[in-house]
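A.B. asks: If you scroll down you'll find the structure; I have some questions about it.
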Amino acid sequence: MSDENALERFRPETRAIMAGRHPARYDGAVNPPVHRASTLILAKVDDLYGERVQTYGLEGMAVHEALKEALSAIEGGAAVALAPSGLMACTLPLLALARPGGEVLVSDSVYAPTRRFCDRMLSQLGVATRYYDPCIGAGISDFIHAETLALFMESPGSLTFEIQDIPAMAKAASSRGVVTIIDNTWSAGLYFQPFAHGVDFSVQALTKYQGGHADLLAGAVLARTPQLGARIAATVRELGVGVSPDDAYLALRGIRDMHARLSLQSASALRIATWLEARPEVGRVLHPALPSHPGHALWKRDFSGASGLFGLVLAPTTEARLTSMLECLEVLSMGFSWGGYESLIIPCDPQLTRTAAPWRADGPLLRLSIGLEHADDLISDLEQAFEHLRP
């Protein structure tokens with residue numbers, strides 16, 4: 001059962017289990033088949049250059065369609081396009097909207113590779129980028145000009161976890177004819193519903209929580225309307241973007257139990273964040289679900305939950321002590337992804353870039369992705385590592 005209208009009466013967790021399943025089509029199999037296919041054989045000459053039937057494997061097969069159905073069932077939207085990475089998902093709407101002489105407004109706290117794409121490739125296409133304070137809210141209206149093509153948001157912000165007032169910003173942009181895009185990876189589409197808040201495009205790195213096992217690279221773009229979806233589909237086709245059937249299958253498989261993993265990761269992360277707040281080695285914790293977070297009220301209003309990713313600022317320390325602390329960890333590991341079963345930690349200061357709203361902190365910034373290990377073991381690991389910060 002996967003009829004979209006029939007699934008609407010169920011909660012997101014149930015829709016994630018049921019969407020994209022068509023056993024009657026596949027000899028009763030609960031999962032869709034994985035076709036490793038480039039060439040598709042056609043029986044009629046008219047079909048070779050027509051638009052009535054699929055003609056090439058790059059357009060996606062049964063498993064790709066099942067994945068799209070599942071993503072749409074969870075997050076909503078009228079159309080879904082798949083991408084081979086989260087970064088490609090972020091860039092596809094920007095490429096679809098790009099026009100020489102235009103500009104895009106981008107959150108100053110955006111994912112660093114998205115910022116790099118805007119500064120390098122978009123500028124080569126004649127599109128300017130202006131960065132705004134992620135806490136600007138409805139004040140974004142003052143930034144919108146006749147040349148503004150799109151507003152790119154990310155909430156919480158990458159690394160520093162600012163919560164944006166998405167409904168106010170989407171309303172301001174829509175009233176001026178500006179297309180809105182949000183990187184919704186942190187919520188996995190479960191805990192924040194962009195289209196209900198007026199956003200036009202939602203992008204996600206399926207590499208993270210949908211994959212969930214550190215073995216997948218994929219992304220998705222969800223569009224609010226069929227017309228917007230058609231713009232992305234055309235861009236995907238013109239660029240020759242495709243996702244392997246095996247990766248699509250892994251993402252779909254991960255979606256089936258994503259809510260269970262996220263529930264545990266969320267609970268563990270909040271427990272660890274609360275513990276960290278009381279530690280003398282920690283200056284402040286950047287977790288939107290904590291009442292101490294500056295954006296907590298917005299998070300509570302707009303989100304239905306929190307993921308396992310958050311940040312913290314250590315009390316002032318030396319680089320040598322920070323290195324010693326990070327390198328002695330036994331359960332947490334250092335790595336540049338998140339959302340998997342394994343817990344990760346990275347120092348973030350080397351990749352921080354701010355031009356609109358300077359980042360200010362007395363100590364080093366760290367980011368933690370809490371996995372499926374027992375929270376007590378993660379707390380013990382951090383506790384022993386903190387001893388390396390002492391004089």
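A.B. asks: Checking the conditions here, which among GLY371, GLY305, GLY311 is touching a strand residue (DSSP E or B) at 6+ places or on another chain (Cβ under 8 Å), in a loop (DSSP other than H, G, I, E, B) and outside the structural domain of HIS197 (by TED's automatic domain parsing)?
C.D. replies: Result of the check over GLY371, GLY305, GLY311: GLY371.
A.B. asks: Let me ask you something else. What number goes with the only condition from (1) outside any helix (DSSP H, G or I); (2) closer than 20 Å to LEU190 by Cα that LEU67 does not pass?
C.D. replies: (1) is the only condition that LEU67 fails.
A.B. asks: Let me confirm something: among VAL45, VAL63, VAL53, which residue is touching a residue at least 40 places away in the same chain (Cβ under 8 Å) and not charged (D, E, K, R)?
C.D. replies: Going through VAL45, VAL63, VAL53 in turn, just one is touching a residue at least 40 places away in the same chain (Cβ under 8 Å) and not charged (D, E, K, R): VAL63.
A.B. asks: Continuing with this model, one more query. So the check is Cβ under 9 Å with 6+ separation or different chains; which pairs have a first residue in the range 370-382 that's among the basic types (Lys, Arg) and a second one that's modelled with pLDDT under 95?
C.D. replies: So the pair list comes out empty.
A quick yes/no check of all residues on (1) within 17 Å of ALA173 (Cα to Cα); (2) assigned by TED's automatic domain parsing to the domain that holds MET153; (3) touching a residue at least 24 places away in the same chain (Cβ under 8 Å); (4) crowded, with 23+ Cβ neighbours inside 10 Å:
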| residue | (1), (2), (3), (4) |
| --- | --- |
| LEU87 | no, yes, yes, no |
| CYS90 | no, yes, yes, yes |
| LEU95 | no, yes, yes, no |
| GLY102 | yes, yes, yes, no |
| SER107 | yes, yes, yes, yes |
| MET121 | no, yes, yes, no |
| VAL127 | no, yes, yes, no |
| ARG130 | yes, yes, yes, no |
| ASP133 | yes, yes, yes, no |
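A.B. asks: Check GLY77 against each of (1) buried (at least 23 other Cβ atoms within 10 Å of the Cβ); (2) small (Gly, Ala, Ser); (3) part of a helix (DSSP H, G or I) and name the one condition it does not meet.
C.D. replies: Tallying (1) buried (at least 23 other Cβ atoms within 10 Å of the Cβ); (2) small (Gly, Ala, Ser); (3) part of a helix (DSSP H, G or I), GLY77 fails exactly one: (3).
A.B. asks: A further question follows. Looking only at the range 37-64, filter to residues that are surrounded by 14 or more Cβ atoms within 10 Å (Cβ to Cβ) and among the small types (Gly, Ala, Ser); which one of those is farthest from SER187 (Cα to Cα)?
C.D. replies: Across the range 37-64, the extreme among qualifying residues is GLY57.
A.B. asks: Of the residues LEU298, LEU326, which is closer than 20 Å to PRO156 by Cβ, modelled with pLDDT of 95 or more, part of a helix (DSSP H, G or I) and of a type in the set (A, V, I, L, M, F, W, C)?
C.D. replies: When all the criteria are applied, what remains is LEU298.
A.B. asks: Looking at the range 159-169 only, could you name the residues that are in contact with a Pro (Cβ under 9 Å, 6 or more places away or on another chain) and either surrounded by fewer than 23 Cβ atoms within 10 Å (Cβ to Cβ) or among the β-branched types (Val, Ile, Thr) (or both)?
C.D. replies: Those that are in contact with a Pro (Cβ under 9 Å, 6 or more places away or on another chain) and either surrounded by fewer than 23 Cβ atoms within 10 Å (Cβ to Cβ) or among the β-branched types (Val, Ile, Thr) (or both): THR160, ILE163, ILE166.
A.B. asks: Quick one: which residue in ARG115, ARG176 is surrounded by fewer than 24 Cβ atoms within 10 Å (Cβ to Cβ) and either within 24 Å of PRO358 (Cα to Cα) or in the same structural domain as ASP349 (by TED's automatic domain parsing) (or both)?
C.D. replies: After ruling out the rest, the residue left standing is ARG115.
A.B. asks: Is it true that LEU262 is among the hydrophobic types (A, V, I, L, M, F, W, C), within 24 Å of SER337 (Cβ to Cβ) and touching a His at 6+ places or on another chain (Cβ under 9 Å)?
C.D. replies: no
The values are calculated or read from the model by the stated rules, or taken from the named source; none is laboratory data. Source: prediction; values computed, not measured. Counting neighbours? That spans all protein chains shown, and the Cβs are built from the backbone with ideal geometry, glycine included.
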